[in-house]
Amino acid sequence: MAEKPKKATGLEILRDEKAVNDLLEQKSGAKAMIRSGCNLALFVSFLVLFTALALSEPLGEHRAFEGYLRRRFDTMAAMPLRKVESVSTFWEYMDRSFMPAIYGNDTRRFYFPGHQVARLLQIEEGNRLLGVVRLRMLKVVPGDACHVKGSLEQYFPTCYGAWDPAAEDTAPFGPPNPQTGDPEFSYFGEPGGSWVEGKIMSYPPGGFMEALTADHNLTTRRLTIMKENAYAGPGLRAMIVDWSIYNFNIGAYGVCRILFEVAPSGLWVSSFEVDVLMRRHLSPLGGRTTGDWLVLLGEVILVLFVLRYLIEEAAEFVGFRGWRPYIKWDYFGDAWNILDWLNLILMIATLGLRVKSWGMSGDLNVYIGDPSKQGVSTFTDLQSVASNVRVIHQIIAFNTVLTWFKAVKYISVLPYITTFMQTVSMSQKALGTFIVIFGTLFFGFIIAYTVAFGENSAVFRTPWSSFVFLMRSYLGNSDFSIVYNAAPIVGSVLTVTYILLMIMVIANLFYAIMIRALADMMADEDPRQKNQWQQTLERMNDLWRTVLTQFRLEYRFRTCFPGLYARIMSRRRKIAEREKERDEEVIKRIRRRKPDASVALGPGNPSLGRRQKLANYSITADDIEESDNESDVDLGPLRDKAQLSKKGMFGSAFDPDAGDHGDAHDDGSSGWHKDTSSTDDGEPPPEAIELVIEATRHVVDGIVDRTYGARGVLIAEMQESKNKLLMLGSVLEVLGRRARDLEAQQQSLLKHFG
């Protein structure tokens with residue numbers, strides 16, 4: 001039989017610093033359990049609220065509306081955008097696809113006698129054109145950022161370079177206006193406008209603008225003038241078409257933008273953006289519906305949560321020396337704290353962008369006046385608001401991952417959750433080095449693939465597209481045959497090198513870092529993890545006792561089922577008595593076989609006043625041998641704290657040791673405690689008070705007996721010490737006489753020979 005490990009005594013625990021720290025870190029009380037439960041409930045409420053707000057928009061309706069607009073203006077149009085490859089095909093798209101999408105295929109109604117131009121043009125069913133459509137053209141001056149070789153100047157007298165704001169052509173052009181005499185096409189500045197991000201370049205606000213109004217006849221004539229007078233000339237670098245459609249059925253705005261970019265090489269690149277806005281994106285209360293009020297209230301509550309967590313995090317890294325504050329820099333060395341701050345900062349940024357959108361939309365007005373006065377100045381530009389909402393959605397999407405990842409911190413009661421958190425913290429320095437190595441090597445491959453295959457494949461035309469392709473390769477979603485077909489030799493070498501370094505070496509380096517950190521943490525956390533679940537059960541047991549006291553479950557059960565309660569408690573008492581008698585008989589038999597030498601010590605016996613601890617009513621020879629470490633104070637008739645408790649049969653609902661007494665009993669009644677309470681108001685019963693008095697009397701009698709015994713032992717020891725001191729005095733007296741005799745002899749010798 002393996003030796004049973006000995007438990008540390010009180011002094012041994014105090015000498016062990018680690019044991020003391022472990023005891024200090026334990027929070028097994030009901031108050032700590034309630035506090036942890038409250039913190040968990042608050043975070044769950046915060047998490048549910050944040051998730052509900054993130055999903056509060058009817059995304060299904062928005063995606064359907066967006067799909068409708070894309071089909072109408074692009075995919076299902078007579079001429080899709082991908083076929084626009086030149087100025088002539090651009091005008092063909094406007095005639096065959098865009099104009100029918102705005103005004104419909106049946107345009108005869110616009111020519112009926114007495115036809116009135118609509119203030120808000122109906123596109124189809126519940127969709128209305130919000131104001132006008134704006135065309136914005138950007139072009140460059142000739143001869144800037146380009147050069148024609150001298151021998152070819154006579155054939156190519158002018159050239160047009162790439163887009164550059166410094167080379168933008170803002171001079172009016174076109175035929176004279178019949179009314180004013182000025183050139184037909186004029187440049188309009190846009191001080192409050194926003195930049196447009198394209199696939200080739202970024203374009204500033206402003207340009208040569210034209211408006212397509214609800215008047216079909218006027219718009220048709222205007223487009224004809226633009227085509228005949230080279231509105232889209234050789235210096236064209238961008239054509240931007242902006243418009244907004246409002247759907248009355250779902251109360252949503254479809255903010256649309258088609259961007260045509262023209263590279264100096266003559267390549268046309270088109271893109272179509274559709275952003276769906278709700279009314280509450282434009283104002284805090286939106287349409288003042290119940291849903292809008294609830295969302296606004298939820299956002300206010302979310303702000304309060306963010307403020308609470310900000311104060312909580314700030315309190316962790318700000319300390320005080322007297323009245324002087326200081327910063328605890330070690331706080332920022334924990335990756336979990338950085339994650340908390342990133343999560344809170346993103347929420348604050350989301351709130352700031354939302355307020356900014358409300359402020360921007362407050363100055364926007366939809367013109368619903370006289371249709372004949374519609375023009376560029378009456379265009380309602382919702383692109384800035386749509387851009388902000390797009391960024392808000394992206395931040396929320398990323399922040400949702402961080403928020404749910406933070407939930408790991410609040411479920412640390414589960415086994416090995418703390419180990420996972422500490423593993424991330426321990427590996428953060430190694431991961432920082434890994435990120436530097438990974439980023440450096442990965443950037444090298446991005447540049448290599450862009451330079452080697454950018455001319456042959458659009459997948460590698462820009463570093464960003466190469467980055468996307470290589471990142472997809474980590475998920476096995478990349479077709480490397482494109483690389484091989486473009487350059488068989490160079491492609492094969494680069495692909496093999498990429499797989500060897502980035503996948504076989506770098507990826508396995510990441511695995512090694514995490515496995516090593518996990519192994520180190522497991523070595524430190526194993527002793528704690530063994531007790532973690534036990535501590536959790538103790539907390540639950542304390543909480544259950546608190547609930548039992550507050551709601552008086554024992555009294556209610558005893559009142560409702562008195563007969564069943566009496567039988568249960570009677571059976572429990574009988575089982576406890578039999579177990580007690582059996583254990584006492586086992587102790588007697590073992591002690592008869594092995595006499596205790598400490599009995600002869602009398603009152604000097606160090607175990608006097610203590611008795612054998614009967615753990616779980618199970619006694620073995622090992623328990624008897626370790627009686628010094630496995631003993632309790634002898635309180636006479638009071639042997640267990642449960643004798644004073646009013647827990648009764650419900651008190652051990654979460655007690656991990658409750659079932660240890662009755663493994664041999666099938667009725668499961670061994671886990672119940674004796675009910676000694678006679679009242680239900682929290683006062684101890686008379687039996688418990690009498691038991692405490694008897695235990696006190698027993699302890700006092702023991703103290704008196706041991707005091708008398710100690711007095712006798714002390715007197716005997718003092719008498720023995722006195723006798724030994726008298727003997728020592730006699731010896732010293734003899735030694736003194738001998739010393740004097742020796743001195744006399746030496747003096748006589750000196751006189752004789754002197």
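The values are calculated or read from the model by the stated rules, or taken from the named source; none is laboratory data. The structure presented is a predicted model; accordingly, all values stated were derived computationally and were not measured. Please note: Cβ atoms are built from the backbone with ideal geometry, for glycine as well, and neighbour counts cover all protein chains shown. Calculation scope for accessible area: heavy atoms of the full protein, side chains included, ligands and nucleic acids excluded. Shrake-Rupley method; radii C 1.70, N 1.55, O 1.52, S 1.80 Å.
Some points to look at:
- Here the range 682-741 has 65 percent of its accessible surface on carbon and sulfur atoms, given a 1.4 Å probe and all protein chains in place.
- Which listed pairs, of Lys199/Lys227; Lys139/Lys199; Lys356/Lys409; Lys139/Lys227, have C-alpha distances above 22 Å, in listed order: Lys199/Lys227; Lys356/Lys409
- Among 220-231, 126-137, the peptide with the highest mean count of other Cβ atoms within 10 Å heads the list, and the full ranking is 126-137, 220-231.
- Net lengthening on full extension, Asp520/Arg461 (0.36 nm per residue, minus Cα-Cα): 16.7 nm
- Here's how it looks for Lys139: its modeled amide H is under 5 Å from those of Asp169, Arg237, which are all 5 or more places away or on a different chain.
- Spin-label pair Gln122-Ser730: with each label point 7 Å from Cα along the Cα-Cβ axis, the two points sit 13.7 nm from one another.
- Extension reserve of the Asp95-Glu190 stretch, reckoned as 0.36 nm per residue once the Cα distance is removed: 31.4 nm
- Environment charge at Ser730 (Cβ cut-off 15 Å; Lys +1, Arg +1, Asp -1, Glu -1): +3
- Remark: C-alpha extents of the range 391-501 on the principal axes read 56, 34, 21 Å, sorted largest to smallest.
- Here each label is just a point 7 Å from Cα along the line to Cβ, and for Phe248 and Arg109 those points are 1.3 nm apart.
- The Arg740 and Met718 beta-carbon pair, evaluated with R₀ = 35 Å, returns a calculated FRET efficiency of approximately 0.60.
- Extension reserve of the Leu40-Leu297 stretch, reckoned as 0.36 nm per residue once the Cα distance is removed: 90.3 nm
- Accessible surface comparison of Thr419, Thr696, probe 1.4 Å, protein chains only, largest first: the order is Thr696, Thr419.
- In the range 138-258, Rg over Rh equals 1.04, where Rg is the alpha-carbon radius of gyration and Rh the Kirkwood radius from pairwise Cα distances.
- Pairwise label distance in nanometres, Lys83 with Glu694, each label 7 Å out on the Cα-Cβ vector: 10.4
- Nearest-0.05 FRET efficiency for Ile503 and Glu228, computed from C-beta distance (R0 51 Å): 0.30
- The accessible surface of the range 78-168, taken with every protein chain in place and a 1.4 Å probe, is 50 percent carbon and sulfur.
- Among the GluC sites (Glu not before Pro) within the range 106-191, those in coil by DSSP and having at most 13 neighbouring Cβ atoms inside 10 Å are Glu125, Glu153.
- Rg ratio for the range 278-386: its Cα radius of gyration over 2.2 N^0.38 Å, N being its residue count, equals 1.64.
- Highest-first packing order for the peptide set 37-44, 513-520, 245-252 is 245-252, 513-520, 37-44, based on the mean count of other beta carbon atoms within 10 Å.
- Förster-model FRET efficiency, 22 Å R0, Trp329 and Leu402, C-beta, rounded to 0.05: 0.45
- Shape parameters for the range 192-287, alpha-carbon atoms, Rg then Dmax in Å: 16.3, 50
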